[in-house]
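Below is one structure; the comments refer to it alone.
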Amino acid sequence: MTLRLLLAASAGLALTLGGCNQADDTAANDMAAANDVTANDAANDMSTAAAPLPTDEFIAAAAASDMYEIEAGRLAAAQGSTDAIKQFGTMLQTDHKSSTEQLKAAVAETPSTMPVPEMTAEQQGMLDTLKAASGAEFDRAFLAQQVQAHQKALDMLNGYAAGGEAEPLKQFATKVAPVVQSHLDKARSMQQ
């Protein structure tokens, strides 16, 4: 629904600006400001819980997310051009290995089974991008990916914590979400 609001606001802005054919900066600025408010509201809504994935899909997605983060962290520790990037990469490896162990323990308490972790095509593509980059280019790509991946993971975790089917996995999601939020915050702060 938030995406629909954002798209509707953007479409309204395009129609308003396109249909006016006026050089009235005030109207354009007012519409741009309204669009910024809508975009900020949409960004704030993204931090709320999304609809939960079915349990088996949640387990597979959480395992794939950890697998991607561990590998991206390994690359950052090896290829990062600054100590801060290298340290962040090491932290990601440690925290996401721990998350994987917690996920396995939670799955063991449910009728579900832990799948063999497999990254999505998108995650593999992001790793391929990192493998081909170096220096400051690597750092920029890595941080951009971390913001994107951690926002997706946070939405997934919050969604399952709020409305998932299996209580042990809901508890896992609730426990891991603050760690993912801290990674997201760190990646955003490092981009600046």
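Since every read-out is calculated from the coordinates, none of them should be taken as a lab result. In this text, all values refer to a predicted model and were calculated from it rather than measured experimentally. Backbone-built Cβ (ideal geometry, glycine too); neighbour counts: all protein chains shown.
Assorted remarks:
- Annotation note: of Ala78, Ala62, Ala51, Ala105, the sole residue that is exposed (fewer than 13 other Cβ atoms within 10 Å of the Cβ), closer than 23 Å to Lys186 by Cα and of a type in the set (A, V, I, L, M) is Ala78.
- Residues of region 54-113 that are in a loop (DSSP other than H, G, I, E, B), free of Cβ contacts under 8 Å to residues at least 60 places away in the same chain and either under 23 Å from Glu137 (Cα atoms) or small (Gly, Ala, Ser) (or both): Ser81, Thr82, Ser112.
- Glu118, sole failed condition from (1) acidic (Asp, Glu); (2) in a helix (DSSP H, G or I); (3) touching a residue at least 24 places away in the same chain (Cβ under 8 Å): (2)
- Region 131-162, residues that are assigned to a helix (DSSP H, G or I), among the hydrophobic types (A, V, I, L, M, F, W, C) and within 19 Å of Gln79 (Cβ to Cβ): Ala132, Ala136, Phe138, Ala141, Phe142, Leu143, Ala144, Val147, Ala149
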